[in-house]
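A.B. asks: Have a look at this one.
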Amino acid sequence: MVTLIVNWNLRDDTLACVRSVFAAGAAAGDVVVVDNGSTDGSPEAVREAFGEAVRVVETGENLGLAGGINAGLRIAMELRADWVFLLNNDTVVEPDLFSELGAAAAPRPEVALWGPQILYYDDPGRVWFLGERRVWGTLLGRRVDPGGRFDPGREAPEPVDYLC
């Protein structure tokens, strides 16, 4: 699995994000940070902190999130990744994230997209995002349990129409 993180001028957040990904068990060489033309020294800081364990791709300009993801996906395809985990750089993950996602995905190979429960950083007992279900007849979505409290006993996985 390749973890793909897009950065633009959030050096400290990106460093914390990458640290959490390695703490969750990501393998050296399987983390790709795409830097979208940062001017805050982000690429150098990532290289200094993680060396060759992180592949840093510098786009030279801000391609936006979609352009950064596309640049990183090209690397993931070169690496022949079975899975790509897209992660916002202002995120930190729990140490059991990859083992939990793997355990959920293993018995359901027909499911192509998986998304974890996302909690607020400063209020980890509160749900930020669980997914959305489409409002019939529209392109609108309705969040599953918006702002609810984290429930470790919640039935999982749960089918949704949209992931973050």
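The values are calculated or read from the model by the stated rules, or taken from the named source; none is laboratory data. All of these numbers come straight from a predicted model, not from anything done at the bench. Because the Cβ atoms are built from the backbone with ideal geometry, glycine has one as well, and the counts that use them run over all protein chains shown. Remember, those area values only see protein heavy atoms, side chains included, never the ligands or the DNA or RNA. Shrake-Rupley method; radii C 1.70, N 1.55, O 1.52, S 1.80 Å.
A.B. asks: So which residues in segment 79-97 are modelled with pLDDT of 95 or more and either more than 16 Å from Leu15 (Cβ to Cβ) or more than 18 Å from the chain's Cα centre (by Cα) (or both), if there are any at all?
C.D. replies: Val84, Phe85, Leu86, Pro95, listed by residue number.
A.B. asks: Give segment 99-108 a look and list any residue that's loosely packed, with under 13 Cβ neighbours inside 10 Å and in a helix (DSSP H, G or I), or say none.
C.D. replies: The answer is Ser99, Ala103.
A.B. asks: Go through (1) without any contact (Cβ under 8 Å) to a residue 24 or more places away in the chain; (2) more than 15 Å from the chain's Cα centre (by Cα) for Glu100 and report which single condition fails.
C.D. replies: So Glu100 meets the others, but not (2).
A.B. asks: Being of a type in the set (D, E, K, R) and open to solvent by 90 Å² or more (accessible area, probe 1.4 Å) is the filter here, so list the residues in segment 109-142 that pass it.
C.D. replies: Here is the first cut: in segment 109-142, the residues of a type in the set (D, E, K, R) are 110, 122-123, 126, 132-134, 142.
Once the filter is applied, which keeps residues that are of a type in the set (D, E, K, R) and open to solvent by 90 Å² or more (accessible area, probe 1.4 Å), segment 109-142 yields Glu110, Asp122, Arg133, Arg134, Arg142.
A.B. asks: Quick one: count up the residues across segment 106-127 that are in contact (Cβ under 8 Å) with a residue 12 or more places away in the chain and not polar (S, T, N, Q). Step through it out loud before you land on a result.
C.D. replies: First pass over segment 106-127, keeping only residues in contact (Cβ under 8 Å) with a residue 12 or more places away in the chain: 108, 111, 113-119, 121, 124-127.
With not polar (S, T, N, Q) added as a condition, the list becomes 108, 111, 113-116, 118-119, 121, 124-127.
Number satisfying all stated conditions: 13.
A.B. asks: Oh, and also: So which residues in segment 70-98 are out of contact with any strand residue (DSSP E or B) (no Cβ under 6 Å at 6 or more places or on another chain) and either aromatic (Phe, Trp, Tyr) or in a helix (DSSP H, G or I) (or both), if there are any at all?
C.D. replies: Answer for segment 70-98, where residues must be out of contact with any strand residue (DSSP E or B) (no Cβ under 6 Å at 6 or more places or on another chain) and either aromatic (Phe, Trp, Tyr) or in a helix (DSSP H, G or I) (or both): Asn70, Leu73, Arg74, Met77, Glu78, Trp83, Leu97, Phe98.
A.B. asks: Could I ask something else about it? Looking only at strands (runs of 3 or more DSSP E) that fall completely inside segment 1-65, which ones have 3 or more residues that are touching a residue at least 60 places away in the same chain (Cβ under 8 Å) and surrounded by 16 or more Cβ atoms within 10 Å (Cβ to Cβ)?
C.D. replies: The strands (runs of 3 or more DSSP E) meeting that bar are 2-7.
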